[in-house]
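Colleague: Structure below; questions to follow.
Rule-based calculations on the coordinates, nothing more; no lab input. What you see is a predicted model; the values in this text were computed from it and never measured. Here the Cβ positions follow ideal geometry from the backbone for every residue, glycine too, while neighbour counts run over all protein chains shown.
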């Protein structure tokens, strides 16, 4: 039986076929998908777990859907709601639609692209905007977002080398989540990164590429340890992340399921934000669909951190992306030592 995710991928595949056949894309069906994404994420984060679990399928298709899902989660953290949030989800679904108009040989090439081939590929944002402008005029607002999804805050993006506030915020959200999804997804030329490794990569290597407020929202909403991730605690116990503490992304709620030796135990939930001496020391498995049940996951919307004695240290940590990046480096080093 097909899941909602599978059916969504089918709609995106139909969209790709339309682009390749120079036909008008089914934008109303895509709009319905965007509404579904927003509705689902207001109820629970099952789709976030699905997106982070490395679902099988054509990378170009899964990327579009994952960017819509994860971008919507980030948008919620930035205060998007209603029609604005639905527009962000739809922007994610079409942000790279121009790639389907590119030569298949370039998209499937396993070797490094030549400068000439790179120039061709970098035309896809403009091609995507043209595809949108061929649709119902009610959706023409999507064209500049599609054109700007690969522009970067520091002016090092393409196709027009825009910088800063010249780039629409929705396009910057799509761009950031696009990079994050690429890092945590399996590719023929490299293995996928664990989410905490991808977060570290973004915070260290891409800090000048995206606005700090969007990077901060990504960390808060997706967490350093996303839902469904299997982790080991300082006690040696093994657990699964079942809830994100958006104020303290390094300290989620963990459902302990096994001892250090791997023996199953009666599950018990631990809120690490309330237990300062207990921390996660390594990630054992990335998010896996089915590890968490629909309706049991609730990510808190962002609120200004409350001033409490127990959490002062972690409030300060959250406020400093530099500190988070340093902690992530320690997590990556610990993971490598245990590999």
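Colleague: Suppose each label sits 7 Å from its Cα in the direction of the beta carbon; what would the residue 11-residue 278 distance come out to in nanometres?
Modeller: Placing both labels 7 Å along Cα→Cβ, they lie 4.1 nm apart.
Colleague: Between residue 138 and residue 192, 0.36 nm times their residue separation minus their Cα-Cα distance comes to what?
Modeller: Roughly 15.6 nm would be gained on extension.
Colleague: Can you give me the distance in nm between label points at residue 163 and residue 101, each placed 7 Å from the Cα along the Cα-to-Cβ direction?
Modeller: Those two pseudo-labels are separated by 2.9 nm.
Colleague: Provide the three semi-axes, in whole Å and in decreasing order, of the ellipsoid equivalent to the range 39-112 as defined by the square roots of 5 times the Cα gyration tensor eigenvalues.
Modeller: That gives 27, 15, 8 Å for the three semi-axes.
Colleague: With N denoting the number of residues in the range 36-78, provide Rg(C-alpha) divided by 2.2 N^0.38 Å, to two decimal places.
Modeller: Here the answer is 1.11, to two decimals.
Colleague: Taking 8 Å as the Cα distance limit and 6 or more residues as the minimum spacing, I'd like the relative contact order of the range 50-113 as a percentage.
Modeller: 30
Colleague: Restricting things to alpha carbons, tell me how big the range 4-216 is in terms of Rg and Dmax, in Å.
Modeller: 16.0, 46
Colleague: Given 0.36 nm per residue, what is the gain on full extension from residue 234 to residue 264 after removing their alpha carbon distance, in nm?
Modeller: 9.1 nm is the gain from fully extending residue 234 to residue 264.
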